[in-house]
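Data first, discussion second: the structure below is written as structure tokens.
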Amino acid sequence: MASFLSLFLISSLTLAAVLISVTGETLESVFLHHKKEKLTHFRVYWHDIVSGQDPTSVPILNPPKNYTGATGFGLMRMIDNPLTLAPILSSKMVGRAQGFYAATSKEEIGLLMAMNFAIFDGKYNGSTITVLGRNSVFDKVREMPVIGGSGLFRFARGYVQARTHVFDLKTGNAVVEYNCYVLHY
């Protein structure tokens, strides 16, 4: 029975490879054949709330106790941050940034950002973009790649530009403006 399944799997894969090479079409090319690529720009405000009764950013890994650096190297936070249309938290929420960020630099405050912007309002309701990149938080403008998406952002690629709008030294809370430039079909 196992040898039959192996033979069936190999035969199926061989047939699929032959069909692709003969027709020159892949599932992607069939799906995208009639679709036109477009560029979408949108701006949201990312609210990183680390203090108070209901934080949206919580530590999941702290630096080792023997680490004495000032950059927070080794710290990792899980996020479920509101995305709003204006810098005020009470403004209209259009989605959430869900994922994590981690302090990955011993020389500066540099973060690895891995997050999905889950949109739940308007035309892109139910769609997501995925951002994965380096964020040097003290640079005026930081650029990170969009590496994919879902829903209306399927096959997405592009970039985001992050600018700190407000950082509260006392609470650690931050509001960051994200300009998102997304190519999709």
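The values are calculated or read from the model by the stated rules, or taken from the named source; none is laboratory data. Keep in mind that what you see is a predicted model, and the values were worked out from it rather than measured. No Cβ is skipped: glycine too gets one built from the backbone with ideal geometry, and neighbour counts run over all protein chains shown. The accessibility values were calculated without ligands, DNA or RNA, using every heavy atom of the protein model including side chains. Shrake-Rupley method; radii C 1.70, N 1.55, O 1.52, S 1.80 Å.
Side notes on the structure shown:
- Of the residues screened, Thr71 is one that is touching a Lys or Arg at 6+ places or on another chain (Cβ under 9 Å), open to solvent by less than 40 Å² (accessible area, probe 1.4 Å) and at pLDDT below 95.
- Index of the failed condition, Leu83 passing every other in (1) touching a Lys or Arg at 6+ places or on another chain (Cβ under 9 Å); (2) of a type in the set (A, V, I, L, M, F, W, C); (3) open to solvent by 50 Å² or more (accessible area, probe 1.4 Å): (3)
- Those residues of region 35-62 which are touching a Leu at 6+ places or on another chain (Cβ under 9 Å) and open to solvent by less than 40 Å² (accessible area, probe 1.4 Å), in sequence order: Thr40, Val44, Tyr45, Trp46, His47, Ile49
- Checked against (1) closer than 20 Å to Leu85 by Cα; (2) touching a strand residue (DSSP E or B) at 6+ places or on another chain (Cβ under 8 Å), Lys123 passes all but a single condition, namely (2).
- Matching option when the condition is open to solvent by less than 20 Å² (accessible area, probe 1.4 Å), in contact with an Asp or Glu (Cβ under 6 Å, 6 or more places away or on another chain) and more than 30 Å from Lys65 (Cβ to Cβ), among Val160, Val94, Val146: Val94
- Looking only at residues of region 97-110 that are under 15 Å from Ile60 (Cα atoms) and open to solvent by less than 60 Å² (accessible area, probe 1.4 Å), we find that the one that is nearest to the chain's Cα centre (by Cα) is Gly99.
- Just one of the listed residues (Val137, Val131) is of a type in the set (A, V, I, L, M), without any contact (Cβ under 8 Å) to a residue 60 or more places away in the chain and open to solvent by 30 Å² or more (accessible area, probe 1.4 Å), and it is Val137.
- Pair list, Cβ < 6 Å and 6+ apart or interchain, from region 149-172 residues that are more than 18 Å from Ala118 (Cβ to Cβ) and touching a residue at least 12 places away in the same chain (Cβ under 8 Å) to residues that are among the acidic types (Asp, Glu) and open to solvent by 80 Å² or more (accessible area, probe 1.4 Å): Tyr159/Glu143; Gln161/Glu143
- Within region 111-123, considering residues that are open to solvent by 50 Å² or more (accessible area, probe 1.4 Å) and either touching an Asp or Glu at 6+ places or on another chain (Cβ under 6 Å) or without any contact (Cβ under 8 Å) to a residue 24 or more places away in the chain (or both), the one farthest from His41 (Cα to Cα): Leu112
- Residues of region 126-142 that are out of contact with any Lys or Arg (no Cβ under 9 Å at 6 or more places or on another chain) and either aliphatic (A, V, I, L, M) or modelled with pLDDT of 95 or more (or both): Gly126, Thr128, Ile129, Thr130, Val131, Leu132, Val137, Asp139.
- Options Val131, Val146, Val137: the member that is closer than 17 Å to Ile79 by Cα and under 11 Å from the mean Cα position of the chain (by Cα): Val131
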